[in-house]
Amino acid sequence: MFDFHRLAIKEIITVSFTLFAIIDMLGSAPVLISLKAKMGGHIKSGQATLASGALMIAFLFFGEQFLGLLGLDVKSFAVAGSIVIFILGLEMVLGIEFFQADKSGKVGGSVVPIAFPLIAGSGTLTTIMSLKANFYDGNILIGILVNLIIIFLVLRSLKWIEKALGPNGLMVVRKFFGVILLAIAVKIFGTNIQNFGK
């Protein structure tokens, strides 16, 4: 049941910023601009937003049951997830690529590879499960919805973003949110490591 008494602005803001940093729509703008050119200059913003949102919400509500089938709990997943988030933050800050992207150049449309894995990829889904260990599901859901609005607006505004920020601006934004991710990863790790293996 949805408990309105557990909704908290502070948690919603934290979740929203965490997902914003992980999804990194502004940092992904160069990739999205490149994909847009390969797709004939058009990305179906609504389709990509709905598909990525469906994946994130499904993982929010059913990810725990999925982990249960594997014999895992949310806190153990949160510890593992915090390590992935930490590495993603290092990538953004240092400009080193730990996770190799698919360089085949094949573009299947607005759902693949834009909605998955670019927006709702393993990093995003791992983060959602990690957040479940620390925050109320309702606050996470609102954070996801806030980010879906941002995702839609960014996809619709790629040409303007490219002109407004330029390559240096995009790099600064990426590094700034990389530092935020490192701090979030340390907090999630510290909170959940105490219960690790219990």
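No value in this document is a laboratory result; all are computed from the given coordinates. In this text, all values refer to a predicted model and were calculated from it rather than measured experimentally. When we count neighbours, we look across all protein chains shown, and the Cβ atoms used for this are built from the backbone with ideal geometry, even at glycine.
For the chain, what does the relative contact order come out to in percent, with C-alpha contacts under 8 Å and a separation of six or more?
Reported relative contact order: 45 percent.
Mind checking which of G81, G169, G89 has the largest fluctuation in a GNM of the chain, springs on alpha carbons under 10 Å?
In this elastic network of the chain, the residue with the biggest mean-square fluctuation among G81, G169, G89 is G169.
Using 0.36 nm times the number of residues separating D3 and I33, minus their current alpha carbon distance, what extension gain do you get?
Answer, rounded to one decimal: 6.8 nm.
Under a no-solvent Debye model with one identical scatterer per Cα of the stretch 141-195, what's log10 I(q)/I(0) at q = 0.26, 0.27 Å⁻¹?
So the normalised log intensities work out to -1.03, -1.03.
As an exercise, use a Förster radius of 35 Å and the Cβ-Cβ distance of Q194 and A54 to find the FRET efficiency, rounded to the nearest 0.05.
Between Q194 and A54 the formula returns 0.55.
For the pair L145/K10, report the inter-label distance in nm, with labels modelled 7 Å from Cα in the Cβ direction.
Label at L145, label at K10, 2.3 nm between them.
Taking the dipole about the Cα centre of the chain, with the C-beta of Lys and Arg at +1 and of Asp and Glu at -1, give me whichever of F62, G166, T127 is farthest to the positive side.
Projecting each Cα onto the dipole axis, the largest value belongs to G166.
Given 0.36 nm per residue, what is the gain on full extension from F61 to R156 after removing their alpha carbon distance, in nm?
Answer, rounded to one decimal: 31.4 nm.
Enumerate the helices in the chain for which the Kyte-Doolittle hydropathy averages 1.6 or more and the C-alpha atoms extend at least 20 Å along the helix's axis, using complete DSSP H runs.
Sorted by number, the helices that extend far enough and score high enough are 9-23, 74-94, 137-156.
Compute the convex hull volume of the Cα atoms of the chain, divide it by the residue count, and report the result per residue in Å³ as a whole number.
Given the Cα convex hull of the chain, per-residue volume reads 129 Å³.
Residue farthest toward the positive end of the dipole of the chain, with Cβ of Lys/Arg at +1 and Asp/Glu at -1: which of S16, L26, L145?
L26
Taking the simple approach of a point 7 Å from Cα along Cα-to-Cβ for both D137 and V112, what is their distance in nm?
Distance between label points: 2.9 nm.
Where does the chain land at 222 nm, in deg cm²/dmol rounded to the nearest 500, when only DSSP H runs of n ≥ 4 count, each adding -39500 (n - 2.57), divided by all residues?
Estimated from H runs of four or more residues: -23500 deg cm²/dmol.
What residue among K36, K159, K175 shows peak mean-square fluctuation when the chain is described by a Gaussian network model with Cα springs under 10 Å?
Of the options given, K159 has the highest mean-square fluctuation.
Please identify the longest segment of the chain free of exposed chymotrypsin sites (Phe, Trp or Tyr not before Pro), where exposed means a DSSP state other than H, G, I, E or B and no more than 15 other Cβ atoms within 10 Å.
Maximal segment without exposed cleavage sites: 100-195.
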